[in-house]
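Below is one structure, written out as structure tokens; comments come after it.
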Amino acid sequence: MDILQELEDRRVDARLGGGEKRIAAQHAKGKLTARERIDLLLDEGSFEEFDMFVAHRCTDFGMEQDRPAGDGVVTGWGTINGRMVYVFSQDFTVMGGSVSETHGKKICKIMDLAMQNGAPVIGINDSGGARIQEGVASLAAYGDVFQRNITASGVVPQISLIMGPCAGGAVYSPAMTDFIFMVKDSSYMFVTGPDVAKTVTNEIVTAEELGGASTHTRKSSVADGAFENDVEALAETRRLFDFLPLNNREQPPVRPFFDDVNRIEDSLDTLVPANPNTPYDMKELILKIADEGDFYEIQAEFAKNILTGFIRLEGSTVGVVANQPMVLAGCLDIDSSRKAARFVRFCDAFEIPVLTLVDVPGFLPGTSQEYGGVIKHGAKLLYAYGEATVPKVTVITRKAYGGAYVVMASKHLQADFNYAWPTSEIAVMGAKGATEIIHRGKSPEEIAARTAEYEARFANPFVAAEKGFIDEVIMPHSTRKRICRAFASLRSKKTQMPWKKHDNIPL
Ligand code: HXC
């Protein structure tokens, strides 16, 4: 009995982490503890912990006197809605969640198991960085985690939650995962903090301004989403997890659905305004075709001229990329190309079919774009679409001009089904610009007349349909039905690119 009681006592002690006082301090900052976070993330009672009694081996600076069980990170596996996931959750109450040699080993252990057993990894980051007392041993621990992030990339989905400090080289582990979520006002990420910034660049900036959730979801695009508090972030992570396959050899999960595949949406017939320069909200189309109107948006606050996220069709996950005419008229630019390219590559790596909704007048002109390398960044999206072998279905709602027409999952990049609404204008450029070039030097009246002629001849989907670049011109109201049928017909699609060690996507 004594021995059983000893185990129980040791467990109670380990679960207390850094003790009541530090737990209270964590709560006072509006943060949950490492274990409370795991409890909310996983199905109730599903968590199986590893290495609860692991302790560090450092003997410098009197550290042998303080060897807390677990060493500042809680690791193990459990389930989210019945599907397996590996988790690590850094415990800020134990030496600030700092990363020691053994702390790193615990993380590596569950990452290895995740790859071996084909289940995603969710990492909850809340750490003061390298355990200062351990010096280079701590850097080695980070390096070992980084290598596993790279090896696991494209094998199992990896999600990072930033729920406290994450600074210095430590940021590079989350940076190599598939999705990063932050909590507003209580998390930050930066390579060098405000003090160094002040010394080196004379900039005076707070930690929140430099690397808070708003900065990383709006400016840098390092993070994919930001939430009000820990509870919301964990609940939304569960929601995202339900869309994802467990690994790269499995299909995305199929959920029961309660939405008629043949649902007709008459309102879509009038979604596109008569005036080609009047914007409309592309999100409305996404919501109206998705099962139960459920759209999980990724990077909602960044490059709003393109929408990316997940929906389900007939219960199966589909990745959506859509130009948003409400912002910059839906133009492609550096930021939107990068955002969408990364999303398409994630989908392709994990066998998630891609639906592309197109209303794009072209690439954004100007020196800032050209100096910023829009050629290279735009090529990322083109490349991502062209190398993706997952089922690809494209619907053009209105403009598809020039290079942007080709980029946006056109037939020429081996899209499987290319549909166009009758309102589509698939052309080398807008009618006015084209006429002004062809009839250079003519009077304004002449140009106006020729523009009208050009519009009548080319501002429609039929020229492209005649050539077979558009498979079918469809009624807007039947879009859901048509794309569901298209994806259903592609369930056994198999194509391969020629063997290569790896590609050389323009980075
Ligand atoms: C050891 C650490 C620690 C660390 C915090 N603690 N960071 N112990 N190594 N890196 C301990 C503190 O001593 C304290 O212990 C407890 O954690 C909580 O820390 P506080 O400072 O009281 O908390 P707070 O005021 O919230 O400040 C959090 C903080 C600050 C901003 C993170 O602790 C801090 O600046 N820490 C040092 C950050 C740092 O320089 N890290 C190394 C960066 S280099 P007690 O016993 O009092 O509770 C790096 C390289 C990675 O990370 C490279 C990867 C390749």
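Residues whose amide H comes within less than 5 Å of that of residue 229, counting only those at least five positions distant or on another chain, are 184 (H built at 1.01 Å from N in the peptide plane). Ordered by the count of other Cβ atoms within 10 Å of each Cβ, fewest first, 166, 484 give 484, 166. Within the range 424-469, which trypsin sites (Lys or Arg not before Pro) sit in a loop by DSSP and count at most 10 neighbouring Cβ atoms inside 10 Å? Listed in order of number, the matching sites are 440, 467. Counting only lysines at least 8 places from residue 500 when in the same chain, those with an alpha carbon closer than 21 Å to its own are 380. The calculated 222 nm mean residue ellipticity attributable to helices in the chain amounts to -10500 deg cm²/dmol, summing -39500 (n - 2.57) over DSSP H runs of n ≥ 4 and dividing by all residues. Of 463, 365, 159, which is farthest on the positive side of the dipole of the chain, counting Cα position, with +1 on Lys and Arg Cβ, -1 on Asp and Glu Cβ, and the Cα centre as origin? Most positive-ward Cα: 463.
Exposure proxy for 43, 91: other Cβ atoms within 10 Å of each Cβ, ordered fewest to most, give 43, 91.
In terms of Cα atoms, the Rg and Dmax of the range 3-243 work out to 17.2, 60 Å.
Placing unit charges on the Cβ atoms of the charged side chains and taking the dipole of the range 3-243 about its Cα centre, the candidate lying farthest along the positive direction among 192, 90, 142 is 192. Positive end of the dipole of the chain (Cβ unit charges, origin at the Cα centre): among 328, 74, 383, the Cα lying farthest that way belongs to 383.
Across the chain, Cα-Cα pairs farther apart than 35 Å form 40% of the total.
Scalar couplings 3J(HN,Hα) for the range 73-88, obtained by applying the Karplus form with A = 6.51, B = -1.76, C = 1.60 to θ = phi - 60°, are 8, 9, 10, x, 9, x, 10, 10, 6, x, 10, 6, 8, 9, 9, 10 Hz; x denotes Gly and Pro. Cross-link partners of residue 283 among aspartates and glutamates, defined as those whose alpha carbon lies under 13 angstrom from its own and excluding same-chain residues fewer than eight positions apart: 294, 297, 359.
Readers should treat all values here as calculations from the given coordinates under stated rules, not as data from a laboratory. Every value quoted in this text rests on a predicted model; they were computed, and no experiment measured them. Because the Cβ atoms are built from the backbone with ideal geometry, glycine has one as well, and the counts that use them run over all protein chains shown.
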